[in-house]
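Colleague: Encoded as structure tokens, here's the structure I'll be asking about.
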Amino acid sequence: MRLESIPVGMSFAEDIVAPNGIVFIGRGQEVTGPLVERISTLPENVRERLVRVLGSSSAGVASAREA
């Protein structure tokens, strides 16, 4: 799934590392509204990265998804 397309409520299955090597989003972090806004300010090449996510914790989904 593209980083810019992840909906609120999903969780990251892996660390998201910035081009400079710093962890931008930690594995297990749940996507929130403010995080979506923060992601929208990243450069396009970063927002378009494919990332692995876990289903919404409220749905109890435990499998990783990648688009």
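Colleague: Just the residues that are part of a loop (DSSP other than H, G, I, E, B), in contact (Cβ under 8 Å) with a residue 24 or more places away in the chain and farther than 14 Å from Phe12 by Cβ, please, taken from the stretch 35-54.
Modeller: Correct list: Leu42, Glu48.
Colleague: Going residue by residue through the stretch 16-39, is there one that turns out to be modelled with pLDDT of 90 or more and polar (S, T, N, Q)?
Modeller: Checked against the condition, which is being modelled with pLDDT of 90 or more and polar (S, T, N, Q), the stretch 16-39 yields at least one hit.
Colleague: Counting just the residues of the stretch 26-58 that are of a type in the set (Gly, Ala, Ser) and within 13 Å of Ile16 (Cα to Cα), which one comes out least open to solvent (accessible area, probe 1.4 Å)?
Modeller: Gly26
The values are calculated or read from the model by the stated rules, or taken from the named source; none is laboratory data. What you are looking at is a predicted structure, and each value in this text was computed from that prediction instead of being measured. In this analysis, Cβ positions are derived from the backbone assuming ideal geometry, glycine residues included, and neighbour counts consider all displayed protein chains. Just so you know, the surface numbers come from the protein's heavy atoms only, side chains and all, with ligands and any DNA or RNA stripped out. Shrake-Rupley method; radii C 1.70, N 1.55, O 1.52, S 1.80 Å.
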